[in-house]
Amino acid sequence: MAYTNRNPYSGPYASIVAPHRPSLAATMSSNASTSRSEASDPNDALLVNANKKLPYPKSDIKVNLENHFRSKVYTSGSPITGNLTITTKRDVRFDTIQILLVGSSRTRVESGLHAPQDVTHTLLKVAMPIPESSYPVPRVLETGHTYTFPFNFVIPNHLTINACNHPTLGGRLQDQHVLLPPTMGRWEKDDMSPQMAQIEYSIKGRVLHQPDLGRTKLRIMEATQTIHVLPASVEEPPLNVTDNDRLYHMSGSKSIRKTVLSTKVGRLTAEGSQPPPALLRFDGVGMLSPATAQINLKFEPTSVDVAPPKVTGISGKVTAHTFFSSGAIGSFPNLGDWSEQFISDKRGIYSTSAALPPISVSHARWQQHITASARRDSGYSSDHNTADTDSGTPPAAAPSNSSRSSRRRTTQQQNGKSKKKQNGSPIFQTTTQQLSFSLPMDKKTFIPTFHSCIISRVYTLQLALTVAVGSATRTITLVLPLQVMVDSNLQHDLGTAGLPSFETAVQEAEADEHLRPRVLQVPDQQFRETAMLPGYSG
């Protein structure tokens, strides 16, 4: 990985220090001195005007992609072929030409009274090897001559194993962090991302020159072509949602009344489970098929003659939650309370919703069941006092018939009061609502669910179920986790045309190994404001 920075610090995660701005008095003083020098010497004024123009005509360097258009989407296994062309209007001496596939994430987090904290993490950096025979001899780009350097990349399924080497609470999270995240914040349609969290992929061509041996190479030319990436993924196991997970609400109950002021006639409980993933097409313009969800309903009436409520409508919306941080995220941000996980890193969350198209309601077929207490009272279970026999002591003397009858009447009275208090009916009824819905992709761009080192995106499906009994209506709202993904099984549709040869793939792997992270430890806490987590350097 590489870390891009505009300050002297380097590393995969770094806070970009805001540039120093001179005071207004100093600016005025500087302008005044410039004006005096220009007025005092006409030759100086001519020199200042001449310096505003470039000393040499600008060279032309361009990244050209084959079969590319502005809205084209690349997914896992997609080939990216093209060439880098360079035409100079003067002789340019150079040492190296680089062609890179680069992926980087950026976050900006407000830090109270201080300036916003900007962080850039280069999570992918693959170099295209350029044979020595392709370079001119000597290493000079001659005036008016066009040089062409072909390249061939393939969007990987995973990042390198060292892309995430910070501490995490479990190996499953680290497995998520080495998956390729999608492009974020650069789509033509709104992808529900904040300006404070962005992910970009691009092909970069660079011309480097090293003035002196052992010195850092200078970048004298650069061209960039951004691309859109929607990586494929696999279905994740259902989340283990607990009461501590504030983002989800898996069940809800409401008392049912025939009128607003009438007495309660029963209680309705709605419970949902995590629905199957919503599958996107790999071009990101639609869904493979409508998504589905299921709601289980349970009605507990106060008496046997109370009819179950009627489901009159179901509305829904999908909310995109974007978590971002100035440091490495060591746990799943959507499980638990994100606001209570602050340590020293500055963190933020941005949530926005999109309403779902109308959801059709199926006819509810209620099934009647007998409660457990009613089954026990019907004689299906009996109690036996075997404590004395099990303990090895002789059994106590049998009580008289009168004492047994009195004790039985007392127990029956207590059980009757308890049953009347809990539920006045020996039955309850259940039904299931099978739902089908589509994401509103005509106005929004849905990117896959992902977790990376400093940015995560998850979705919640909010369903509001409305029921009616008589003239009264009640609404129960559920918030379920929803995974959005591009099916990895679709990769065979991409074909294998344009894939690099085995030799080229080996060369790319060697180049990636050469560029892999060398720093493996997390920096000390005192450097958190200016330095960062490990990764590619340079």
**Complete:** Rounded to a whole %, the carbon-and-sulfur portion of the accessible area of segment 145-283 at a 1.4 Å probe is 50 percent
**Complete:** Residue-normalised value, i.e. accessible area per residue, for segment 430-487 at 1.4 Å probe, in Å², stands at 27 Å²
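So if the hydrodynamic radius of segment 204-321 is defined as the Kirkwood radius over C-alpha pairs, what does Stokes-Einstein give as its diffusion coefficient at 10 °C and 1.306 mPa s, in µm² per second? Intermediate values should be presented prior to the final figure.
Details: Rh = 20.9 Å.
In µm²/s, the coefficient rounds to 76.
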**Fill in**
Of GLU110, GLU236, GLU222, ordered by accessible area with the largest first and a 1.4 Å probe, the sequence is GLU110, GLU222, GLU236
**Message:** For a distance above 18 Å, tell me the whole-number percent of Cα pairs in segment 258-354 that qualify.
**Reply:** 70 percent
**Request:** From largest accessible area down, sort THR122, THR143, THR477; use a 1.4 Å probe on the protein chains.
**Result:** THR143, THR477, THR122
**Asked** Order of 71-83, 304-316 by packing, highest average Cβ count within 10 Å first?
**Response** 71-83, 304-316
**Fill in**
1/(1 + (r/R0)^6) with r = Cβ-Cβ of HIS369 and SER273, R0 = 22 Å, i.e. FRET efficiency to nearest 0.05, evaluates to 0.65
**Message:** For segment 94-180, what does the accessible surface come to per residue with a 1.4 Å probe? Please give it in Å².
**Reply:** 46 Å²
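Can you check what the net charge comes to around GLN274, using other residues whose Cβ is under 13 Å from the Cβ of GLN274 (Lys, Arg +1; Asp, Glu -1)?
Neighbour charge sum, excluding GLN274 itself: -4.
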**Request:** Could you list, in their original order, any pairs among LYS89/LYS125; LYS298/LYS444; LYS189/LYS346; LYS317/LYS346 whose Cα atoms are separated by more than 32 Å?
**Result:** LYS298/LYS444
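The values are calculated or read from the model by the stated rules, or taken from the named source; none is laboratory data. Keep in mind that this is a model prediction, so the values were computed, not measured. No Cβ is skipped: glycine too gets one built from the backbone with ideal geometry, and neighbour counts run over all protein chains shown. Just so you know, the surface numbers come from the protein's heavy atoms only, side chains and all, with ligands and any DNA or RNA stripped out. Shrake-Rupley method; radii C 1.70, N 1.55, O 1.52, S 1.80 Å.
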